[in-house]
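Here's the structure, in structure tokens; my notes come after.
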Amino acid sequence: MAKLQSHAGVLAYFLKKPGAGDSYPFGPGARVLKVGGKMFALIGEGEAQLTLNLKCDPEDALAQRAAYPQWVRPGYHMNKKHWNTVVVGEGLPDAVLREMIDQSYLLVVASLPKAVRATLES
């Protein structure tokens, strides 16, 4: 698997998800990833360090912040109970980052109407 330590690697991983698309509804510098019209991630662009806002279960959000305090913090400009900001860097294992991205995507997919979910599964 390709490493996720770059903008290109992270974006490619996001866009491989069924039904995922990206846009800039907040203007340049904030690429939003959506599935079924709902946001599941935001990539901060143009910053010195690559940052991601990822949706998460409230308990998982706290656990991730405790386990990786240098890399994971409450969601910047987001509901801090349901979103984390992740600083992508060499100290955060790719497997952990992939799991966080996958969970964000799956949480949003689970909240979509059944008909929309069915189109993603086919």
Subset tally (residues that are part of a helix (DSSP H, G or I) and under 17 Å from residue 93 (Cβ atoms)) for segment 56-75: 6
May I ask you to verify whether residue 81 is among the charged types (D, E, K, R) and touching a Pro at 6+ places or on another chain (Cβ under 7 Å)? yes
Can you say whether residue 89 is touching a residue at least 60 places away in the same chain (Cβ under 8 Å) and among the small types (Gly, Ala, Ser), as far as the supplied structure shows? yes
Filtering segment 35-55 down to residues that are part of a strand (DSSP E or B), without any contact (Cβ under 8 Å) to a residue 60 or more places away in the chain and not small (Gly, Ala, Ser) yields 42, 43, 51, 52, 53, 54, 55
Looking at the structure I just gave you, is residue 107 part of a helix (DSSP H, G or I) and in contact (Cβ under 8 Å) with a residue 40 or more places away in the chain? yes
Do we find a residue being loosely packed, with under 15 Cβ neighbours inside 10 Å and assigned to a helix (DSSP H, G or I) anywhere in segment 14-21? yes
Apart from one, (1) hydrophobic (A, V, I, L, M, F, W, C); (2) out of contact with any strand residue (DSSP E or B) (no Cβ under 6 Å at 6 or more places or on another chain); (3) at pLDDT 95 or above; (4) within 19 Å of residue 4 (Cα to Cα) all hold for residue 63; the odd one out is (4)
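The values are calculated or read from the model by the stated rules, or taken from the named source; none is laboratory data. Note that the coordinates shown come from a computational prediction; the quantities given were computed from them, not determined experimentally. FYI the Cβ positions are ideal-geometry reconstructions off the backbone, even for glycines, and counts take in every protein chain you see.
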